[in-house]
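*Asks:* Here it is: the structure, laid out below.
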Amino acid sequence: MQMLQVQLEIGADPTEVGRARQWARSRLAGSGISADGPLGEALILLVSELVTNAVVHTGAPAVLRILLPGPRGVGAVRVEVADHSCRPPCPRQAGDEDSGGRGLELVGGLADRWGWHPEGLGKRIWCELDSLDRLDSLDSAATVAEPGAVPVSAQA
């Protein structure tokens, strides 16, 4: 299966999250995925959450990578963010009054799979969307299915 891979270097500034969303939206347009459709909107939200986590929690530059299905449109769309922190992602239970802490919960609800693995002095967090079916049922638990990945349940 042929995939199209695109990547963007992200600075350590929170304004980079908006730039990452705009960049991802333009890349989706070129792939045949409508940025305004359910899959495109979910992907933009996943990009936003993963880039926000990298910028806010590491205070260092990161790299956003999107892997899109080839010309036939078959296969998962994968979003990855590599950062310079070796600290594992830690899903939290945000309270009703909390203004943050829901990012990984949202990623787990939208993605078909997500996880992370150490890479060099940092880590790579990834998520995949197979189809629109998942978007109709946001309350399922996330699973991890990548060799060498650390299971999400082991991180809590």
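*Asks:* Failed condition for Glu9, given (1) modelled with pLDDT of 95 or more; (2) open to solvent by less than 70 Å² (accessible area, probe 1.4 Å); (3) not in a helix (DSSP H, G or I), with all others met?
*Replies:* Result: Glu9 passes all but (2).
*Asks:* Same structure, new question: Take the residues in region 24-58 that are in a helix (DSSP H, G or I), closer than 20 Å to Asp112 by Cβ and of a type in the set (Gly, Ala, Ser), then tell me which one is modelled with the lowest pLDDT.
*Replies:* Ser31
*Asks:* Another question, if that's okay. With Leu106, Leu64, Leu68, Leu110 as the choices, which residue is within 16 Å of Arg21 (Cα to Cα), in contact with a helix residue (DSSP H, G or I) (Cβ under 8 Å, 6 or more places away or on another chain) and either acidic (Asp, Glu) or modelled with pLDDT under 95 (or both)?
*Replies:* Selected residue: Leu68, the only one of Leu106, Leu64, Leu68, Leu110 that is within 16 Å of Arg21 (Cα to Cα), in contact with a helix residue (DSSP H, G or I) (Cβ under 8 Å, 6 or more places away or on another chain) and either acidic (Asp, Glu) or modelled with pLDDT under 95 (or both).
*Asks:* So, in region 13-49, how many residues would count as being open to solvent by 20 Å² or more (accessible area, probe 1.4 Å), out of contact with any strand residue (DSSP E or B) (no Cβ under 8 Å at 6 or more places or on another chain) and among the small types (Gly, Ala, Ser)?
*Replies:* Matching residues across region 13-49 total 6.
*Asks:* While we're looking at this one, here's another question. Take the residues in region 74-90 that are at pLDDT below 85 and open to solvent by 50 Å² or more (accessible area, probe 1.4 Å); name whichever of them is farthest from Gln5 (Cα to Cα).
*Replies:* Cys90
The values are calculated or read from the model by the stated rules, or taken from the named source; none is laboratory data. The structure presented is a predicted model; accordingly, all values stated were derived computationally and were not measured. Using ideal geometry, Cβ is built from the backbone for each residue, glycine included, and neighbour counts are taken over all protein chains shown. SASA here: full protein model, heavy atoms, side chains in, ligands and nucleic acids out. Shrake-Rupley method; radii C 1.70, N 1.55, O 1.52, S 1.80 Å.
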